[in-house]
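The values are calculated or read from the model by the stated rules, or taken from the named source; none is laboratory data. Here the structure is a predicted model, which means the values were calculated and not measured. Please note: Cβ atoms are built from the backbone with ideal geometry, for glycine as well, and neighbour counts cover all protein chains shown.
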Amino acid sequence: MTGAAGPALAAGHGTGEKGDPLPVLRHIVEAQQFDRASMARIFAVAREMEQVVQHYGSNILNRRVMATLFYEPSTRTRLSFESAMRRLGGEVITTESAQEFSSAAKGETLEDTIRIVGGYADIIVLRHFESDASRRAASVSSVPVISAGDGPGQHPTQALLDVYTIEREIGRLDGISIALVGDLANGRTVRSLCYLLAKFDSPRIYFVAPEVVRMRGDIKGYLDRHGIRWEESDDLGAVAGEVDVIYQTRIQRERFGDRVQEYQQARGHYIVDRAILERMSADAIVMHPLPRVDEITPDVDQDPRAAYFRQAHNGLYVRMALLRMILAGP
Ligand code: NCD
């Protein structure tokens, strides 16, 4: 493996569908590093991975080792990465609760941990509680680093699987109208998703959030600079009738610390229930990165428009695609 600090997408070999050179995928630290062409390639490989899982199997990552280093809780992200690696024939070494059980507990810096783990693994999947952790890790790492969520910052692989899900479910990515609902200030998935949506033609984004957790100015500024139409609304019922996708999110309790009152002000406002479903069009969908608490009622699950469990399954295919492309070439 080559040295670290280069760009996440370094120029290199590989050929796009139209014969254009595709950049080689290396670190994944933020959603902005992807464009339409790289997403199209990842999604094509993810489709292939669906076939691999359902029919052929693969050993393409035989003898390669992935380390998952998780400093924050996770079910889907860690297990889908680990399953993805194993389904491609690779091996996994892991430390969950890394803050408690890794040498971080003894005072080791993230940078030192990454330098060491890079000697044991061919790729590192990192979830951390600080917003710039993956970038810092990538800058010292001798092997590729994939962000699995950086505090309240970003969650780029979640956003990729979200866009993949929108394409699979709605059948297109241009002209999508979407409501991002819930904790937009602290939710890293919606932040990354906005960066990706901005790559497509004429998306229309509605932000529906309690006052205390509105979408932050950096994302709004980015959308403005890219000519993307967005608006804020406090009426989920009205917005439900306008959109292809309702993307619901959990109020991120762990980001409030001892601001209990603020958390109480944020929770319980916007619930997706049968009444909201009734306002949605027949071919619209409900997404959620999960876990949910109480923001989607369980009676929504039976509706075919409830796409969140399918969305979580898509995470496996997209993560298989990413691991294969990073470790075995485009
Ligand atoms: C999300 C996360 O960790 O940011 N979960 C996930 O990765 N699917 C969303 C959340 O925790 O609310």
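Considering only helices (runs of 4 or more DSSP H) fully contained in the stretch 134-229, which possess at least 1 residues that are surrounded by 24 or more Cβ atoms within 10 Å (Cβ to Cβ) and of a type in the set (Val, Ile, Thr)?
Numbers: elements: 156-170, 188-197, 217-225.
Ranges flagged: 156-170, 188-197.
Among residues of the stretch 129-158 that are within 16 Å of the ligand (Cβ to nearest atom), those with a beta-carbon under 6 Å from a residue that is among the hydrophobic types (A, V, I, L, M, F, W, C) and in a loop (DSSP other than H, G, I, E, B) at least six positions away or on a different chain give the pairs 134/29; 147/29; 151/129. Could you list, in sequence order, the residues of the stretch 237-282 that are at pLDDT below 95, among the small types (Gly, Ala, Ser) and part of a helix (DSSP H, G or I)? Scanning the stretch 237-282 gives a single hit, 266.
Considering the stretch 67-85, the residues that are part of a helix (DSSP H, G or I) and of a type in the set (S, T, N, Q) include one that is farthest from the ligand (Cβ to nearest atom), namely 83. Just to be sure before I move on: is residue 44 surrounded by fewer than 20 Cβ atoms within 10 Å (Cβ to Cβ), more than 15 Å from the chain's Cα centre (by Cα) and modelled with pLDDT of 95 or more in the structure I sent? When the stated conditions are applied, residue 44 passes them. All of 124, 116, 93 fail the test of being within 17 Å of the chain's Cα centre (by Cα) and not polar (S, T, N, Q), apart from 124. Applying the set (1) assigned to a loop (DSSP other than H, G, I, E, B); (2) at pLDDT 95 or above to residue 50 leaves exactly one unmet item: (1). Listed by first and then second residue, the pairs linking a residue in the stretch 175-187 that is closer than 20 Å to residue 202 by Cα to a residue that is within 12 Å of the ligand (Cβ to nearest atom) and in a strand (DSSP E or B), with Cβ atoms under 7 Å apart and 6 or more places separating them unless they lie on different chains, are 178/247; 179/247; 180/247; 181/247; 181/248. Of the residues making up the stretch 133-186, those that are over 30 Å from residue 115 (Cα atoms) and of a type outside the set (D, E, K, R) number 17.
What do you reckon, is residue 177 within 16 Å of the ligand (Cβ to nearest atom), of a type in the set (S, T, N, Q) and modelled with pLDDT of 95 or more? Answer is no for this residue.
Within the stretch 86-122, the set of residues being under 25 Å from residue 314 (Cα atoms), of a type in the set (A, V, I, L, M, F, W, C) and touching a Leu at 6+ places or on another chain (Cβ under 6 Å) comprises 88 only.
Scanning the stretch 276-300 for residues that are farther than 20 Å from residue 176 by Cβ, more than 14 Å from the ligand (Cβ to nearest atom) and surrounded by 12 or more Cβ atoms within 10 Å (Cβ to Cβ) turns up 297, 300.
Within the stretch 228-269, take every residue that is more than 16 Å from the ligand (Cβ to nearest atom) and acidic (Asp, Glu) and give me the one that is nearest to the chain's Cα centre (by Cα). Taking the candidates together, the pick is 244.
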